[in-house]
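Student: Quick one: the structure is below, and I'll ask about it shortly.
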Amino acid sequence: MPQKLPLVKSGLKMLVDQLGENDMVSIVVYAGTSGLVLPTTSGERKQVISQAIDNLQAGGSTNGGAGIQLAYQQAANNFIRGGVNRVILVTDGDFNVGITSQGELTRLIEDRAKSGVFLSVLGFGMGNLKDSTMERLADMGNGHYAYIDTLNEAIRRTLGAPAVSEKLLASGTTPAPSSPQELSILLKRDTQKWGRLIRMKNITPN
């Protein structure tokens with residue numbers, strides 16, 4: 001995933017910006033061997049979380065099964081009753097070391113979903129991405145799957161996440177993610193609208 005890592009980091013930092021004092025985050029990696037790179041950390045400590053994201057590197061084979069197991073262990077150890085307890089798997093879809101059977105992964109994820117820890121999957125792959133596997137894992141984890149190939153798509157997915165959109169609405173902000181084409185149309189329409197008004201009122205800059 002080296003080519004996509006900058007996009008992954010940008011997308012994760014967008015999520016970090018939405019975290020608050022009641023949120024807790026851990027980060028697990030699974031390149032070659034699985035490991036905990038960020039112990040459970042309060043959402044208020046945005047700089048600490050962002051630094052851990054900046055330090056992420058891609059390389060080696062993918063021990064996806066062990067990584068998912070460790071992530072679920074972190075979520076279970078810090079389970080918040082009445083809260084949203086979720087593992088977010090960021091992957092190119094290549095689980096080539098450890099638990100590689102789709103059946104084994106599915107059983108693991110189904111069991112954890114029954115305990116109240118759900119799974120969402122974000123695919124950032126190139127030629128390696130296995131969409132059917134990722135979608136099935138997300139379905140079994142009572143979550144959703146999304147393929148992200150541009151920063152704009154990362155923004156759209158971030159704003160569309162229920163936890164993020166609810167916080168924005170509570171602050172009086174209505175998220176309206178759009179494509180570059182839609183933004184271009186909006187800017188053109190507003191330029192024409194305000195241009196007519198400026199000409200009608202003979203407004204000139206000081």
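The values are calculated or read from the model by the stated rules, or taken from the named source; none is laboratory data. In this text, all values refer to a predicted model and were calculated from it rather than measured experimentally. Cβ coordinates were reconstructed from backbone atoms using ideal geometry, including for glycine residues, and neighbour counts include every protein chain displayed. Areas reflect the complete protein model, heavy atoms only, side chains present, ligands, DNA and RNA absent. Shrake-Rupley method; radii C 1.70, N 1.55, O 1.52, S 1.80 Å.
Student: Exactly one of (1) assigned to a loop (DSSP other than H, G, I, E, B); (2) at pLDDT below 90 is unmet by S120. Its number?
Tutor: For S120, the exception is condition (1).
Student: Pull up segment 11-23, narrow it to residues that are within 28 Å of L105 (Cα to Cα) and at pLDDT 85 or above, then point me to the one that is nearest to the chain's Cα centre (by Cα). Step through it out loud before you land on a result.
Tutor: Of all residues in segment 11-23, those within 28 Å of L105 (Cα to Cα) come to 11-13, 15-16, 23.
Within this subset, residues satisfying the condition of being at pLDDT 85 or above are 12-13, 16, 23.
Details: L12: 6, K13: 9, V16: 10, D23: 15 Å.
Step by step, filter segment 11-23, then rank; the result is L12.
Student: Could you list, in sequence order, all residues of segment 24-41 that are modelled with pLDDT under 90 and not hydrophobic (A, V, I, L, M, F, W, C)?
Tutor: Matches in segment 24-41: Y30, G32, T33, S34, G35.
Student: Might you let me know whether segment 42-63 holds any residue that is crowded, with 17+ Cβ neighbours inside 10 Å and modelled with pLDDT under 85?
Tutor: Looking for residues that are crowded, with 17+ Cβ neighbours inside 10 Å and modelled with pLDDT under 85, one finds at least one in segment 42-63, hence yes.
Student: Kindly list, by first and then second residue, each pair from a residue in segment 74-91 that is touching a residue at least 12 places away in the same chain (Cβ under 8 Å) to a residue that is of a type in the set (S, T, N, Q) and open to solvent by less than 30 Å² (accessible area, probe 1.4 Å), limited to pairs with Cβ atoms under 8 Å and residues at least 6 apart or on different chains.
Tutor: Pairs that qualify, where the first residue is touching a residue at least 12 places away in the same chain (Cβ under 8 Å) and the partner is of a type in the set (S, T, N, Q) and open to solvent by less than 30 Å² (accessible area, probe 1.4 Å), are A75/N85; F79/N85; R86/S120; V87/S120; I88/S120; L89/S120; T91/T62.
Student: Identify, from the list M134, M140, M126, the residue that is at pLDDT 80 or above and of a type outside the set (F, W, Y).
Tutor: On the way: M134 fails: at pLDDT 80 or above; M126 fails: at pLDDT 80 or above.
After ruling out the rest, the residue left standing is M140.
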